[in-house]
Amino acid sequence: MEFLAPAGSWEAFLAAVNNGADAVYIGGQHFSARQAATNFDPPRLEEAVQYAHQRGRRVYVAVNTLIDGQEFESALDYLFQLAASGVDAVILQDMGLLQAAASLLPGLRIHASTQMNTHNQDGAALLKRLGVSRIVLARELSADEIQVIHRASAGVELEVFVHGALCFSYSGQCLFSSVVGGRSGNRGRCAQPCRLPYALCQEGRRIQIMEPGRYRLSPADLCLIDHLPLLASSGVTALKIEGRMRRPEYVAVVTKAYRQVLDRLQEDPGYKVSTEIKQGLRAIFNRGYTTGHLVDAGQPLMNTITPKNKGILVGQVLQQSNSYRTSIELSEKVCLGDGLAVWAGADTVRPLILREIRSGGQRLTEAGPGLVIEVKLDGPVSPSNPVYKTHDQELLNQARRTISAEPPPRIGVDAEVFLVPGEKMQLVLQAQGHRVQAESQHPLQPARTQALDEEVIRQKIGRLGDSRFTLNDLRVTGDSPLSLPFSEINALRRRAVDLLTRELGPLSSAWIAPEGCPADKTKFLTIPRTCGAYPARLTVAVSDTEAAAQALDAGADRVYLGIDGMGSGHRIDQQQLEKFALVTGNDGGRVVPLLPRIHQPADGWNYREAVRGGSNLMISSWADLEWAGRNQFQFYIDYNMNVFNPYTLRMLVAKGAAGITLSPELSWKQLAAFPDLSQAELLVHGELILMQSQHCLIGPVRAPGPPACEWACRRGDYSLQDQRGYSFPLETDSDCRQYIFNSRPLCLMEDLDRILDLHPAAIRIEARRERPGQVRALTSLYREALDALQAGRRPTLKKYQQRLAAVSTGGFTKGHYFRGVL
């Protein structure tokens with residue numbers, strides 16, 4: 001298995017390469033999912049490629065953000081630059097950019113980012129057919145599920161994260177940072193709202209739950225170092241450390257640990273990871289460790305106590321004086337310069353740096369287990385409070401010694417020299433299976449003084465200077481006393497080295513643009529601008545048949561009916577869909593089944609059976625795209641598929657999509673730049689899903705831990721409340737996946753005329769959580785306003801918004817339509 005390490009800076013890159021990574025993934029100055037990292041400008045990126053290739057390593061560049069239409073050409077030009085620089089692959093999220101890269105840069109390897117949320121074999125098959133050579137799988141998959149995908153996906157490599165931070169949400173499915181903080185994770189600027197404290201509420205009131213801690217959305221860190229053989233047997237091609245935002249020392253320590261284990265496993269497949277290696281990992285940074293969803297190892301997924309570095313336990317408080325002089329009994333060694341943290345209660349941590357160590361009246365440079373040391377803290381603590389080491393100075397010093405640019409390893413060459421009187425000297429060089437031959441400019445002459453011997457020839461031929469080579473074996477054929485000017489021998493050596501260098505090829509295999517590439521690029525980027533006069537339709541998304549009936553009766557042109565059991569816990573099956581169509585007279589396919597966003601291989605329910613026999617549906621996963629087309633459905637695209645530019649929109653239309661709900665992260669200005677919205681739907685009202693997760697937040701209300709589920713989610717309305725008092729509603733579907741909704745509904749009623757000026761195919765109400773009566777009221781008001789505007793009248797939209805407020809709870813938000821998103 002290939003082993004990848006992250007680098008957000010040049011120093012971290014050196015740490016990764018020098019500590020044993022087979023490949024390093026980095027980001028440039030733009031279009032990278034870690035925009036807050038230092039990252040690599042073009043000269044430094046080329047230097048990184050050269051440095052890696054000289055050592056037989058690879059460089060992958062993350063271009064893993066959504067790309068808007070106005071920056072698309074720049075992003076495509078950047079891919080051309082990366083290809084020309086010789087990078088080994090690019091990591092992409094945006095489907096439009098992926099299609100462009102596959103079409104215009106056929107020699108450039110494409111890796112599908114985990115942001116594409118590939119969680120089943122159909123998703124993997126689609127990406128393979130689109131030209132992807134490797135897929136970074138969703139972190140929510142088990143080992144058995146990875147194996148299922150592997151067996152069904154011959155010819156595409158599978159990569160998984162094995163260490164580092166986890167997201168609470170499925171990757172690519174999170175709008176929390178975007179909607180709440182204006183910084184989009186899909187655009188590389190996640191503000192990490194999952195690391196903030198939240199209270200769990202029922203019916204609007206805070207409740208006590210069995211699971212301690214306030215950081216309800218903060219996962220522990222992933223650590224799969226004990227499970228590398230399992231990953232290999234599951235078909236994994238590459239292992240990846242998370243951490244482009246981490247400092248170089250972290251990269252050094254973690255890379256070295258995994259490299260050591262992988263090498264030992266090559267020698268001894270039964271090797272068990274040593275305590276020393278695990279302790280080093282914990283010491284550099286950890287929030288507690290979990291095996292995530294790969295295996296059930298009895299470790300909790302979440303660390304709700306703290307989102308910060310937990311470190312390693314090194315002792316406990318014995319006593320403290322009134323002046324905060326504190327006695328600590330050690331269970332592990334500490335040294336001068338170490339950082340300690342005393343946990344004095346919920347969210348109360350007393351940190352200090354060991355500037356001096358006193359024990360028994362003596363000053364020490366280090367203190368070991370059993371000793372009692374005295375320190376001065378900045379506040380009160382209690383006896384038995386645990387003490388953690390969060391900064392290991394000795395470990396950091398060791399790591400720093402590996403972070404420097406080292407000379408590249410030289411290639412060993414074997415040389416053979418042929419000395420024949422009256423003929424030119426022949427020099428043969430051989431390396432890595434390649435053989436070159438050169439000859440001197442003039443023939444050899446009889447020696448008048450000192451004849452050429454093996455010692456002299458080795459001295460002259462071995463002077464390989466700044467070349468990539470070092471002389472190994474030398475064989476001299478011919479024993480006559482001959483001579484040749486040393487300048488001729490030096491020139492002969494240089495010619496042979498040049499020949500061998502060319503024979504071995506460049507260190508970076510730069511991409512060469514095929515004929516017609518500029519014209520092809522221009523053609524790809526050209527989308528004719530249209531301005532249709534068709535009336536926009538009104539669509540509504542709901543979660544049950546009663547709400548669907550109310551929406552239809554109130555004037556919805558089309559209703560998207562979620563069949564995943566969100567809220568009710570009861571899926572909608574084929575029989576219910578057929579019965580509902582009969583009752584409502586579903587002419588023209590006005591009721592469209594909305595498929596689940598997630599369907600992992602281990603999920604028992606086959607939702608495709610539920611819609612068999614129907615004629616239309618809405619898909620929420622790339623995995624269903626080709627299936628829907630093959631089965632001749634009229635299909636629509638949900639907003640979570642992150643359609644962010646005209647090129648992804650065009651691709652989906654070409655694949656047969658009848659309508660595409662665009663990303664709610666797009667601003668009005670970005671939407672106005674789309675040349676054609678004739679098949680696009682725009683969200684104008686409703687509660688947006690901010691996160692979807694495999695982890696249940698509500699289970700600990702009644703039943704802590706995994707033994708049993710008491711279906712607490714079915715017995716009330718739950719929400720998360722942040723520190724500012726905003727409440728984010730929670731819902732659960734029939735597969736027990738958790739959904740977090742925005743605290744305030746989107747409402748663009750006041751700006752409906754501006755929205756219609758964009759000429760979209762439809763405007764959409766998101767009413768997955770609304771009661772049937774509210775669905776009727778919302779739909780009726782938008783129907784009335786829409787009809788008035790399209791009839792050329794000028795309704796007072798502010799009054800309509802006031803009427804909407806009367807049937808809603810709380811205030812509204814305009815989302816990103818006018819403020820945009822970073």
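The values are calculated or read from the model by the stated rules, or taken from the named source; none is laboratory data. Not measured: the values here are computed from a predicted model. Heads up, the Cβs are rebuilt from the backbone with ideal geometry, glycines too, and the neighbour counts pull from every protein chain shown. We work out accessible area using only protein heavy atoms, side chains counted, and drop any ligands, DNA or RNA first. Shrake-Rupley method; radii C 1.70, N 1.55, O 1.52, S 1.80 Å.
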Per-region count, segment 797-816, residues surrounded by 12 or more Cβ atoms within 10 Å (Cβ to Cβ) and touching an Asp or Glu at 6+ places or on another chain (Cβ under 7 Å): 3
Wholly within segment 186-293, helices (runs of 4 or more DSSP H) carrying at least 3 residues that are crowded, with 20+ Cβ neighbours inside 10 Å, within 21 Å of the chain's Cα centre (by Cα) and among the hydrophobic types (A, V, I, L, M, F, W, C): 248-267
Single residue of 328, 403, 411 found to be over 30 Å from residue 457 (Cα atoms), touching a strand residue (DSSP E or B) at 6+ places or on another chain (Cβ under 8 Å) and hydrophobic (A, V, I, L, M, F, W, C): 328
Residues of segment 239-267 satisfying the condition of being touching a Lys or Arg at 6+ places or on another chain (Cβ under 7 Å) and within 22 Å of residue 115 (Cβ to Cβ): 244, 245
Checklist (1) within 21 Å of residue 196 (Cα to Cα); (2) open to solvent by 10 Å² or more (accessible area, probe 1.4 Å) applied to residue 646, failing item: (1)
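Could you list all residues from segment 314-341 that are assigned to a strand (DSSP E or B) and either touching a helix residue (DSSP H, G or I) at 6+ places or on another chain (Cβ under 9 Å) or without any contact (Cβ under 8 Å) to a residue 12 or more places away in the chain (or both)?
Listed by number, the residues that qualify are 335, 339.
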Within segment 454-489, tally of residues that are charged (D, E, K, R), surrounded by 15 or more Cβ atoms within 10 Å (Cβ to Cβ) and at pLDDT 90 or above: 3
Unique residue being touching a helix residue (DSSP H, G or I) at 6+ places or on another chain (Cβ under 7 Å), under 26 Å from residue 73 (Cβ atoms) and open to solvent by 20 Å² or more (accessible area, probe 1.4 Å) when the list is 131, 181, 96, 172: 131
Sole exception among (1) in a loop (DSSP other than H, G, I, E, B); (2) touching a Lys or Arg at 6+ places or on another chain (Cβ under 6 Å) for residue 474, by number: (1)
Qualifying positions in segment 46-77 - farther than 21 Å from residue 665 by Cβ, open to solvent by 10 Å² or more (accessible area, probe 1.4 Å) and either of a type in the set (A, V, I, L, M) or under 22 Å from the mean Cα position of the chain (by Cα) (or both): 57, 58
Pairs, first without any contact (Cβ under 8 Å) to a residue 40 or more places away in the chain in segment 600-625, second open to solvent by 10 Å² or more (accessible area, probe 1.4 Å) and part of a loop (DSSP other than H, G, I, E, B), C-beta under 6 Å, six or more apart: 617/633; 620/597
Residue match in segment 162-177 (condition: modelled with pLDDT of 95 or more, of a type in the set (Val, Ile, Thr) and in a loop (DSSP other than H, G, I, E, B)): no
Residue, nearest to residue 348 (Cα to Cα), within segment 360-389, restricted to residues that are free of Cβ contacts under 8 Å to residues at least 40 places away in the same chain and polar (S, T, N, Q): 365
Residues satisfying the stated conditions in segment 606-628, i.e. surrounded by 14 or more Cβ atoms within 10 Å (Cβ to Cβ) and part of a helix (DSSP H, G or I): 607, 608, 610, 622, 623, 624, 625, 626, 627, 628
First in segment 446-460 and touching a residue at least 24 places away in the same chain (Cβ under 8 Å), second anywhere and open to solvent by less than 30 Å² (accessible area, probe 1.4 Å), Cβ under 6 Å, 6 or more apart: 447/482; 452/482; 457/417; 460/489
Scan of segment 344-359 for residues that are assigned to a strand (DSSP E or B), of a type in the set (A, V, I, L, M, F, W, C) and open to solvent by 50 Å² or more (accessible area, probe 1.4 Å), ordered by number: 349, 353
Check on residue 505, open to solvent by less than 90 Å² (accessible area, probe 1.4 Å), of a type in the set (Gly, Ala, Ser) and touching a residue at least 12 places away in the same chain (Cβ under 8 Å): no
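From 791, 761, which residue is within 38 Å of the chain's Cα centre (by Cα) and of a type in the set (A, V, I, L, M)?
Numbers: 791 fails: within 38 Å of the chain's Cα centre (by Cα).
Going through 791, 761 in turn, the sole match is 761.
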The listed residue being under 21 Å from residue 185 (Cβ atoms) and either at pLDDT 95 or above or open to solvent by less than 10 Å² (accessible area, probe 1.4 Å) (or both), out of 23, 15, 7: 7
Some residue of segment 105-112 being in contact with a Ser or Thr (Cβ under 7 Å, 6 or more places away or on another chain), open to solvent by 20 Å² or more (accessible area, probe 1.4 Å) and not polar (S, T, N, Q): yes
